[in-house]
Amino acid sequence: MNQTVVSYLSQYEFYDFLLALFRNNQGVLAFTLYLLLALIIVGMCATIGGLGTYAERKISADLQARIGPNRVGPYGLLQMLADGVKMMTKEDIMPFTADKKLFYLAPLLCLTGVFATLAVLPFSSGFIMADLNVGIFYLVAISSLVGLGVFLGGYASNSKWSMLGGMRGASQIISYEIPVTISILAIVLLAGGMGFGTIVGRQGGLPHEWFMFHNPFAFIAFFVYSVGALAETNRAPFDLPEAESELVSGYHTEYTGMRFGFFALAEYIEVFVVCGVAASLFLGGYNVPGIKLDILPMQAAQFVIFMTKTLVLYYVVIWIRWTLPRLRVDQLMSVCWKYLTPIAIFNLMGCAIWMVVFNGKSIAELVLGSH
Amino acid sequence: MFLQFLFISSAVLTVSCALGVLMVKNIMHSCVFLLGSLMGIAGLYATLGADFVAITQIMVYVGGVVILMLFAVMLTGGNDFVSRAQNLLGLPASMGNKWTYAIGLLVGVVFLLTNIQLIRGLTKALPVKTITNEFPSTVTQIGHLLVKDHVLAFEMSSVLLLGALVGAAIIARPRKQN
Amino acid sequence: MMSLASYLIISLILFVVGIVVMIARKNIVAILLGIELILNAAALNFVAYSRYVTNNLDGHIFSLFIIVIAAAEAAVGLAIVIRFFQIKETIHIDEATQLRN
């Protein structure tokens with residue numbers, strides 16, 4: 001049965017108190033709790049997305065021996081609020097020849113696709129909105145709405161830069177979905193389930209219990225996933241859809257104000273989501289090293305562990321962006337189809353054979369068990 | 001309660017977007033309406049407890065087919081398609097006069113009534129199964145069915161997909177003009 | 001409200017709309033859209049019967065195969081459309097009158 005955050009909370013005493021407050025109306029209480037938690041998660045992730053822009057500028061400045069934003073607030077931390085106010089007060093320009101309905105729809109599709117993935121992201125063992133049986137599959141499926149948003153944004157602007165950016169974006173996102181999904185499938189094979197609860201629950205807190213070090217194939221799968229995920233989120237060195245030097249700004253060239261803000265926010269939150277997925281699939285997720293307790297303060301510890309892993313990966317993503325040069329379009333496609341996809345299929349078969357031959361034991365179990 | 005809400009909204013989305021596919025002139029908008037309709041069907045699958053099928057529907061159609069359709073529209077000249085017969089209300093005169101329309105409407109009404117009678121009869125004749133609101137996980141069962149009972153169809157569909165992949169690549173490849 | 005009949009009626013509407021799209025529109029891509037609607041109507045029927053009539057998941061398997069076949073059909077169909085456009089420079093269905101060249 002699907003576990004949800006409300007069913008998790010209902011095992012504590014204060015749930016009965018809340019239930020009495022809502023006159024024993026289960027449905028209304030569940031709805032209110034879901035609404036509240038959804039608002040909390042969306043608010044939190046929007047803040048992380050906003051801070052992402054700040055982190056990006058600060059880290060790039062650090063890598064280039066500059067100072068970066070330091071005027072607004074302490075260390076320039078409130079820069080994102082200033083940016084937000086700037087975006088909201090800007091004039092909302094619609095190109096005269098644009099396809100108006102699709103022009104409105106495209107940023108919303110991007111944002112919907114990203115926010116919908118937050119429903120299954122496991123922040124801790126209890127704080128996961130809905131632990132669906134098809135969790136990771138749902139995440140992969142619903143995040144393909146982003147590609148559609150990019151494509152429609154490029155088409156609806158009716159400008160050649162946008163058009164090229166949108167076409168590139170869509171082809172890149174569907175192509176790289178294949179190696180990413182296949183390497184996720186290898187992990188699903190190891191875990192024996194698609195739900196995030198199952199996948200993270202099969203791992204442990206210490207590195208030798210992570211799926212990344214389960215066997216050599218899973219180790220390679222982590223890197224295939226990372227490269228593919230970078231490309232799927234249109235991050236450098238795969239940011240062909242918005243390559244400044246050739247396409248002005250790609251698919252969001254014609255977007256101004258808050259609509260542009262939606263695209264930028266969607267991108268930064270998607271990077272966060274992708275890092276969170278990598279952390280929970282390969283790096284042990286929210287598991288606290290060494291301790292297995294089921295009390296409420298544990299949730300906070302798990303949350304901190306998860307966020308630490310995710311934000312470290314987030315830093316690596318930004319670091320890669322400011323280190324590596326951009327690929328060409330043909331190189332991008334050959335990397336996907338000639339290298340990543342065969343490697344990912346090889347990994348999947350390798351994982352399957354490993355599971356049969358070694359009866360599902362990881363390297364650490366084999367080594368430690370033999371002594 | 002929640003299921004009812006999901007069912008009604010999915011049904012409205014499905015039907016209205018399907019009608020949108022039919023009614024709008026712009027083929028690009030038609031594709032986006034098709035997307036809405038397919039998402040609505042995924043919602044209907046979810047109300048039927050078919051979680052795996054619902055997600056597969058979203059995965060294949062949103063991530064693949066609709067984007068492919070949009071690509072095809074762009075590669076074949078976008079929305080420059082010139083034809084007077086783009087929607088039902090703007091049909092050219094050669095396709096019929098008022099009598100053909102009247103007869104068509106009559107046939108449609110008869111068809112609809114017959115179908116409704118048929119469905120009513122079917123639902124009465126069927127054994128009434130008690131429907132619970134419990135949705136057990138279908139993923140494991142589908143996995144077992146795919147590699148046990150339906151393994152031949154599963155393998156054949158993989159061959160079919162490979163054939164489609166190679167065939168599409170060969171057909172769409174630009175050839176040198178002699 | 002939620003009964004087999006309501007699902008069948010939705011499926012019926014989808015099927016009829018798909019047929020009308022196939023008949024009324026002259027754009028080949030639009031005809032492919034109609035085919036998608038028809039296939040989805042069939043798949044919805046399978047899943048609805050699987051829940052309300054039979055007790056097993058064979059209906060789900062059938063609809064999964066329908067989705068697979070729809071994807072393959074869309075890929076090949078659109079490849080043919082693009083090839084046709086390269087030759088004829090139109091995607092009007094009435095122009096497709098030749099079997100060779």
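Since every read-out is calculated from the coordinates, none of them should be taken as a lab result. What you see is a predicted model; the values in this text were computed from it and never measured. Using ideal geometry, Cβ is built from the backbone for each residue, glycine included, and neighbour counts are taken over all protein chains shown.
Between residue B:156 and residue A:303, the FRET efficiency estimated from the beta carbon spacing at R0 = 60 angstrom works out to 0.80. Taken along the Cα-to-beta-carbon direction at a fixed 7 Å, the label points for residue B:12 and residue B:120 span 2.7 nm.
FRET efficiency for the residue A:14 to residue B:166 pair, using the beta carbon distance and R₀ = 35 Å, is estimated at 0.05. Helical content alone sets the calculated 222 nm signal of chain C at -27000 deg cm²/dmol, taking -39,500 (n - 2.57) per DSSP H segment of four or more residues and averaging over every residue.
Mind checking the mean number of beta-carbon atoms from other chains within 10 Å of the Cβ atoms in C:86-98?
Values: counts 6, 1, 0, 2, 6, 8, 4, 1, 2, 0, 0, 0, 0.
Counting Cβ atoms of other protein chains within 10 Å of each residue's Cβ and averaging gives 2.
In terms of overall dimensions, the C-alpha atoms belonging to chain C reach 52, 24, 17 Å along their principal axes, ordered largest to smallest.
The share of alpha-carbon pairs in segment A:93-370 lying farther apart than 32 Å comes to 27%. Kirkwood analysis of segment A:124-232, using all unique Cα-Cα pairs, places the hydrodynamic radius at 15.5 Å. The mean sequence separation of alpha-carbon pairs under 8 Å and at least six residues apart, normalised by the residue count of chain A, gives a relative contact order of 21 percent.
May I ask for the Kirkwood hydrodynamic radius of segment B:137-178, worked out over all distinct Cα pairs and given in angstroms to one decimal?
On the way: mean 1/r = 0.0791 Å⁻¹.
Taking every pair of different Cα atoms in segment B:137-178, averaging 1/r and inverting gives 12.6 Å.
Considering all alpha-carbon pairs of segment A:39-139, what whole percent are spaced by more than 24 angstrom? Cα-Cα pairs in segment A:39-139 separated by more than 24 Å: 47 percent. Projected label points at residue C:95 and residue A:208, each 7 Å from Cα along the beta carbon direction, are separated by 6.8 nanometres. Which value in Å is the Kirkwood Rh of segment A:266-339 over different Cα pairs? About 14.5 Å for segment A:266-339.
Averaged over residues, the count of other Cβ atoms within 10 Å places the peptides C:29-36, A:82-89, B:43-50 in the sequence B:43-50, C:29-36, A:82-89, highest first.
The mean sequence distance of close C-alpha pairs (under 8 Å, at least 6 residues apart), as a share of the length of segment A:250-314, puts its relative contact order at 38 percent. Straight Cα distances below 17 angstrom link residue A:58 to the aspartates and glutamates A:83, with same-chain residues fewer than 8 positions distant left out.
Could you grab the relative contact order for segment C:4-95? Cα pairs under 8 Å, six or more apart, rounded to a whole percent.
Details: 90 pairs, mean separation 26.7, N = 92.
With pairs under 8 Å counted, the relative contact order is 29 percent.
Taking label points 7 Å from Cα along the Cα-to-Cβ direction, residue A:223 and residue A:42 give a separation of 4.0 nm. Of all aspartates and glutamates in the structure, those lying under 17 Å Cα to Cα from residue C:88, and not within fewer than 8 positions of it along the same chain, are B:80. Suppose R0 equals 41 Å; then what is the FRET efficiency for residue B:147 and residue A:364 from their Cβ-Cβ distance, rounded to the nearest 0.05? Efficiency computed from Cβ-Cβ geometry: 0.85. Taking only the C-alpha atoms of segment B:1-90, Rg followed by Dmax gives 15.0, 48 Å. Semi-axes of the equivalent ellipsoid of segment A:231-316 are 36, 14, 7 Å, computed as sqrt(5λ) over the eigenvalues of the C-alpha gyration tensor in descending order. Residue separation of residue A:104 and residue A:35 scaled by 0.36 nm, minus their Cα-Cα distance, works out to 22.3 nm of gained length. Based on alpha carbons, the Rg and Dmax found for the protein assembly as shown are 25.9, 90 Å.
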